[in-house]
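Quick notes on the structure that follows.
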Amino acid sequence: MPDDAARACPRGIEPAAWLSEEEPVHPRLWALIALCVLLALFILQNVATVEIQFLFWSVAMSRALLMVLLLAIGAAIGWLLHGHLRRRGAHDGHRS
């Protein structure tokens, strides 16, 4: 019965040679790792609790969570406005 390494290797390639090949890490993966590290540092440095008051509501949350929430709200507004303006521009183009 063949061993597990031989079964996992492509045909015609020795198991040791197949396992020892190193592929270069893609630059996008490095960028993702760097962003995750920066996000972790950001969260660790902004753990203080802040109180937010809006009209009749009052909420206490971490400063990092507040900033991420505001970023998400801003991204949603930008996405909605972009879609609205694109439809409006396409509609105005059909009038001429």
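The values are calculated or read from the model by the stated rules, or taken from the named source; none is laboratory data. As the structure is a computational prediction, the values presented were derived from the model and not from experiment. Because the Cβ atoms are built from the backbone with ideal geometry, glycine has one as well, and the counts that use them run over all protein chains shown. Just so you know, the surface numbers come from the protein's heavy atoms only, side chains and all, with ligands and any DNA or RNA stripped out. Shrake-Rupley method; radii C 1.70, N 1.55, O 1.52, S 1.80 Å.
For region 29-51, name all the residues that are open to solvent by 90 Å² or more (accessible area, probe 1.4 Å) and either touching a Lys or Arg at 6+ places or on another chain (Cβ under 8 Å) or touching a residue at least 40 places away in the same chain (Cβ under 8 Å) (or both). Those that are open to solvent by 90 Å² or more (accessible area, probe 1.4 Å) and either touching a Lys or Arg at 6+ places or on another chain (Cβ under 8 Å) or touching a residue at least 40 places away in the same chain (Cβ under 8 Å) (or both): Val47, Thr49.
Being at pLDDT 65 or above, over 25 Å from Leu65 (Cα atoms) and either among the acidic types (Asp, Glu) or out of contact with any Lys or Arg (no Cβ under 6 Å at 6 or more places or on another chain) (or both) holds for only one residue in Glu22, Glu14, and it is Glu22.
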